[in-house]
1. Assuming R0 = 22 Å, what is the FRET efficiency of ASN96 and ALA34, from their Cβ-Cβ distance, to the nearest 0.05?
2. Which one, HIS540, CYS524, MET584, is farthest towards the positive end of the dipole of segment 516-597 when Lys and Arg carry +1 and Asp and Glu -1 on their Cβ?
3. Looking at the square roots a ≥ b ≥ c of the eigenvalues of the Cα gyration tensor of segment 555-660, which shape do they give, rounded for a/c under 1.5, prolate if a/b is larger than b/c, or oblate?
4. What spacing in nm lies between the two simple spin-label points modelled at PHE845 and ASP464, each 7 Å away from Cα in the Cβ direction?
5. If you wrap a convex hull around the alpha carbons of segment 94-137, what volume per residue comes out, as a whole number of Å³?
6. Which entries of LYS128/LYS151; LYS211/LYS465; LYS626/LYS679; LYS112/LYS233; LYS244/LYS465 have Cα-Cα distances beyond 22 Å here?
7. With no solvent and one point per C-alpha, what does the Debye sum give as log10 I(q)/I(0) for segment 908-977 at q = 0.12, 0.14, 0.15 Å⁻¹?
8. Can you list the residues of segment 750-774 with backbone N under 13 Å from a point 7 Å past the Cα of THR718, pointing along Cα to Cβ?
Amino acid sequence: MTSPISGLITSPGYDGRRSYPPFMDAVQKIDLPANHSIMISFERMDIYNQKRNIGDECQNNVTFTTIDRASQRTKEVLVACTNEDLPIRTYTSPLNIHFTTFDAGPPWTGFKFKFTIQPFSKTPKRLKSGLFNCSVPYYASFKQHVHCNMKQECEGGEDEGGHCPFSSPACNGSVAVNNKCYTLFVQPLALSGTSSHNFCQKRGLQPAMMKTTEEWGAFSKLLFSHSRVLDEKIAIGLVYYDWKMPQYYRRSFRWIDNTISYNIFTEGYTRWSGVKTCKQHLPDVCTYYNDRTMPHIYSFLCDVFFLSVYACEFYVDQTHGRNEHQLSRPALHVPKLAVHHYRYFFKACPAGHLTLDFLACHVQGNCGVLKSLQHCPLSPDSVDRPQKTNNVELTNVNAVSSFRCKEANIAIPYSFVCDFRTDCKDGSDEDFCDHSQPCEGFKCDSGQCVEPKRRCDIGIDCVDKSDETECEHVQQKSQVTPILPPAVIDFSSSHLIPVTHVSMDRGDSCPETHFRCQGQLDYCLPVYVLCNGVYDCLGHEDEAGCDQAELCPGFYRCWDSAVCLHPDHLCDGVSSCPRNDDEMFCDGTCPEECQCQGNAFICDGLFDTQLFTQLRYLDAAGSGIKPQHVLHYWYLIWINMQSCAVDYLPVMDFPNLKLLDLSENLLTVVRMDAFMSTKNLEILSLAGNPLVSLLGTVSVTQGSSLKRFDVSRTDLRTFDSIVLTNFTAIRELNISDGKLLQIADNGFRFAPSLWQLDIRGNNIREYPPDAFKSLRELRVLYATNFRFCCRDALPKHYTDIVCISSPVGDEISSCEDLLHSGMYRAYLWLICVMSIVGNVGCFMFRFVTEHKMTKTALDIFVTNLCLADLLMGVYLTMVGTADSLYRGQYLSYERSWTASAVCKTAGFLSLLSSEVSAFIICLITLDRFIVLKFPFSKKKFRTKSALVASFLVWTVGFMMAAIPLLPMTSHWEFYGQSAICMPMPITSETFQGHGFSSGFIVVNFVLFIFIVTGLSIIYSSVQSEVLSQTSQDVTFARRLFAVVASDAACWLLIGILGLLASAGVPIPGEVNEALAIFVLPLNSALNPFIYVFNMMDEARRTALELKLMVMLQAKNIAKKTNTRRHGHENKPEHLTDGVQHSCTVGS
């Protein structure tokens, strides 16, 4: 009793800290005078009870019973056995208070309550609001029950306010520290942690945050000023580490405004029982403060645990709460780097900062100034853009290409592909990855493998967070152990000691690895907490100006981030960069034979492949490394084994491989089912191999996603698309510049997705008419033969297809007509008519007019020349007739026409005509040469020898023309090479029988060199003769000179161009076309007309000579007459001889 009318009643030995004794049975009686009442308020009720079921009685309790004054009977009015907040109570009878305990244990301390005795007239009454009327004169008699207990009990608020000892007028009755005010709210209805935060915010306040030692002192003052809440669990604005934060904060608490608390850390792992975590987020963990024995912070699940006391804060001057309007980025000490002291995979950028070697060319990362680094591409266009060789993406020398994201023109290093983190905005760097490889540790849901001890440790080790999924946790307390500033703070890789610190004096500078926070929180923090998205400084200046952050010269700049760190923090066991790139490849080495850029190697020799199983990119061109050396490389995405002498392909078990270049190797046979396990393979190059066979089997297993297939420059003779049965996704197929002769009967039916097809540079002779009909998605076709670009050969959507053939036609034909030009057609018929009419007319003229068919050797040769030229007219008639017959639909009949007996006969006659003409002209030249140079020689062509020579010429010509028709040469299809049934006379293209064609061009060229030489001699001889001395042989020489000269000029031109084409000199198709149409048949048409014209000219000259001789003879007779008259009888001998000679020439 403190007075006759008031006092305190406590449990035995109560001091607020020691536990009450067990097995207690204590009774206390309070007598009450008549007409008086007793008022009781409960300051602490801290009794341990464990109820197994609702309704169970308490083993430990305080029982209140009233005593009837008249009958002395007792009545139980209250049994208090829990730590609930009991309201003020009033009784009008004496009380017995009975305290019973059976067990106890720390920290349960017992109970303590106040009582007062007052007459009925001064007993306070509750109003309808449930509050007391404290404006009565006797308020002082019960004031101690309601005064300054941080709970409004009076209707007018007289019990709380600025008069309370813990209050400040500026804070309206709450505790003040500098510009901040703290206040407590006690509610009868307990709320969850999340609701308690909302409770403060709805009132324009914030949950209480004690960031400094001074603020903790003010908060303690608030608590100790009201002992009623000292033992309560008080909700504050402190929450636990969030998975979105960097990993080095995993043992840290943060205030509700996302500022890290550097004075509270967990003691061991914080866990919560009965709750299983999920991937999406760590359970929201709130905290409460309790000072039962010493200050501790307890964590609990925000939405599970309920509290009734809430600590809130507010600022007196709201505009100066955190002074964020004048924040500036902290200054850094720029370290002086010696790059050679750092590991091989870190490189210095031109701007002065460090980056990973494979990021050194990344312009967007503010590095890779062109030509500044040896391994960067040399031109702006090639930065991050690999070159293409044979439609396969390859790299520049010593430059690693980048992985291209599907959407947007974004490229990332191959070292970041299939690393379980999405770097492409569309996720294309991860969505194809196969992570089904065995794992000896804990295997994340994504396939990532982590150490078993990382499971359920509250830190995210699996990128998909599955290592913290389905984890059961238990509650853990944390002691408030402030780090007093100034101090140097570092994060530790240890799970037991998350933060280390070293005290320092106020005047000391921070080390160059750290920066200093401004204001009260005078800490030196690691540089890598700048711009990391978390507030570490009290004033939040560490996150200021991050959008305009410098390149941090002298520091390492994290990939795709504004975070920088000192080189001393590289590979220190703490993941300081958002992508963990500061801890990448810390144990890595680089083989001497390679240039290494992260998980990308460029090698020029063999190395121990067992040591580098995490490679993503391998450029081993010319190194001798073969597929069997890297079969255990599960994550290889890009392989170049060009020119590695690969002659055998094992089963290619690379589930993540996208590009494989095996060009320029020694593969002769390839089984396409070897690539069935490369389900992500998109680009495959077998170009430049001596490949003769592609084999494939139909499988029910889903094939590769192959999109680009290159088999150019191989020895394939037949292409059968059935080998692509399991690769139906192919979009680009390149079979160019090879030895392909045939496309199988199924065409390209087993490659239905083809978008681009390249078959240039092949002499494809056999192919089905509907080879391309099944290609509904075809848009680009490259071909040498124009026939592949004809409407009838293409799919129905032919108007959407860009078809490029070189040449556009075969220089003669088109898709519709055998002769693609009307001019060609008119010219052919003109030459045809001239050949037939001219040569038939020549026969008739000689036979009827001159009556000389076989009188002399020269007559025999001329007659045979006319016959040979006539055959050319027959040949032209056959070709012209076929052109008329197939007009408008030639492509449909092309193969039947070129393979027909008629075409072969036409070609036979053409070659026979041209060769016999060449030989006959040679004989004529030889005959005239002998006659003129050796006029008295007996070795001349006579009639018989001329017949024999002509027969031999026809025999040789027949044999030459018949060689392509022999059984052993029939596969040449010599006369079916073109629509005019003759191979083009001049071409650098190789076809069957090309050697034979070149051979007779060479023979003709040699013949006409001889002819030209002979003609030169004959011409000089003819020019030296005087008219009166002209012999009959000279007359014939003049007559045939134009014929022989024109034929010689024609074949001389063809011979020269043919030799140039055989030597590889490119001859324009227009020249070839002109020779085939305009030149070759021309002589056959002109020869007879030139010959007849010369004969007519000679007849005119002969008539003139006869007229002159007659006139001369008449003159001579007149002279003789005059001579006789005068007696001169002598007759001139030379005049008589001249007349006789002239007559001989005229004959």
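1. Details: r = 18 Å, r/R0 = 0.82.
Step by step, r from the Cβ atoms, then E = 0.75.
2. Among HIS540, CYS524, MET584, the one farthest towards the positive end of the dipole of segment 516-597 is HIS540.
3. Values: a/c = 2.80, a/b = 2.29, b/c = 1.22.
Because a/c hits 1.5 or more and a/b exceeds b/c, segment 555-660 counts as prolate.
4. My value for the distance between the label points is 9.5 nm.
5. Details: hull volume 6.7 nm³, N = 44.
Spread over its residues, the Cα hull of segment 94-137 gives 153 Å³ apiece.
6. Details: LYS128/LYS151 17 Å; LYS211/LYS465 30 Å; LYS626/LYS679 20 Å; LYS112/LYS233 18 Å; LYS244/LYS465 11 Å.
The pairs that break the limit, which is 22 Å between Cα atoms, are LYS211/LYS465.
7. -0.44, -0.54, -0.59
8. The answer is 766-768.
Values in this text are rule-based calculations from the coordinates and carry no lab data. Keep in mind the model is a prediction, meaning the values are calculated, not measured. Counting neighbours? That spans all protein chains shown, and the Cβs are built from the backbone with ideal geometry, glycine included.
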